[in-house]
Amino acid sequence: GNSVTQMEGPVTLSEEAFLTINCTYTATGYPSLFWYVQYPGEGLQLLLKATKADDKGSNKGFEATYRKETTSFHLEKGSVQVSDSAVYFCALNPNSGGSNYKLTFGKGTLLTVNP
Amino acid sequence: SQTIHQWPATLVQPVGSPLSLECTVEGTSNPNLYWYRQAAGRGLQLLFYSVGIGQISSEVPQNLSASRPQDRQFILSSKKLLLSDSGFYLCAWSATIGLAGVWNEQFFGPGTRLTVL
């Protein structure tokens, strides 16, 4: 079946530090990959996506590259801010068969950025 | 542009009472609709999804039910709440599968915080 594994954290960084949140996946075929962000007390927001191998999604200084050879989609940001403190979810859509309607989510990674 | 609404934002209910949470989407037609629950911790649990009016798929057997009386309206209900129903309930939508360029990214509402006492 399809699955997403991401580092559960929590991750605590100082402002302006480099961020990496690892995400690996298991899926047949050619899934689409997503990162979502959830700020405290709010719903999830789509942060970025990649729909084919070697695609790089980017938004708000965050980046992630779809690596089919390592089945990974790691989230990176060069310099985090206090306002980036949130929970980050990696997700995939299998793009195949009857599972197209459902995303598979990782368990989420809590990021805390201290001033 | 599309927007998604949920209400109420917060709800405190006694055990055994009924529940009705509502979700509506604006600015799109024939969306796929989803109900998730986020209990203690951070994980998301898909409860129900719907690909059309009156079409509901249940992912987890429980005392909750869902209905879709109109194209852009999705309702989550219970006849008798349990303590374990407490959590953060999220509604989401995605565009119709099969359209060119659609990759089933889902867009979430602001959520309803339910506390069952």
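This table checks each residue for (1) touching a residue at least 24 places away in the same chain (Cβ under 8 Å); (2) surrounded by fewer than 16 Cβ atoms within 10 Å (Cβ to Cβ).
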site: B:PRO8; (1), (2): yes, yes
site: B:PRO14; (1), (2): yes, yes
site: B:SER20; (1), (2): yes, yes
site: B:CYS23; (1), (2): yes, no
site: B:ASN32; (1), (2): yes, no
site: B:PHE48; (1), (2): yes, no
site: B:GLN55; (1), (2): no, yes
site: B:GLN70; (1), (2): no, yes
site: B:ILE75; (1), (2): yes, no
Handout entry: First in segment A:5-30 and in contact (Cβ under 8 Å) with a residue 40 or more places away in the chain, second anywhere and aromatic (Phe, Trp, Tyr) and surrounded by 15 or more Cβ atoms within 10 Å (Cβ to Cβ), Cβ under 6 Å, 6 or more apart
Key = A:ILE21/A:TYR88; A:CYS23/A:PHE73
Practice task
Quick one: which residue in B:LEU117, B:LEU83 is loosely packed, with under 14 Cβ neighbours inside 10 Å and touching a Pro at 6+ places or on another chain (Cβ under 8 Å)?
Solution key: B:LEU117
Fill in the blank from the handout: Checked pairs for segment A:34-63, first more than 8 Å from chain B (Cβ to nearest Cβ), second of a type in the set (Phe, Trp, Tyr) and surrounded by fewer than 20 Cβ atoms within 10 Å (Cβ to Cβ), C-beta under 7 Å and 6 or more apart or across chains, list as A:LYS52/A:TYR30
Fill in the blank from the handout: Of those in segment A:64-111 that are hydroxyl-bearing (Ser, Thr, Tyr) and loosely packed, with under 14 Cβ neighbours inside 10 Å, the residue farthest from the other protein chains (Cβ to nearest Cβ) is A:SER79
Completion exercise
Filter segment A:4-23 for residues that are more than 12 Å from A:LEU75 (Cβ to Cβ), at pLDDT 95 or above and not charged (D, E, K, R); the one that is surrounded by the fewest Cβ atoms within 10 Å (Cβ to Cβ) is A:SER14
Exercise for the section: Could you pull out the residue among B:SER57, B:SER50, B:SER84 that is small (Gly, Ala, Ser) and away from chain A (no Cβ under 12 Å)? Expected result: B:SER84
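The values are calculated or read from the model by the stated rules, or taken from the named source; none is laboratory data. Small disclaimer: the values here were computed from a predicted structure and weren't measured. When we count neighbours, we look across all protein chains shown, and the Cβ atoms used for this are built from the backbone with ideal geometry, even at glycine.
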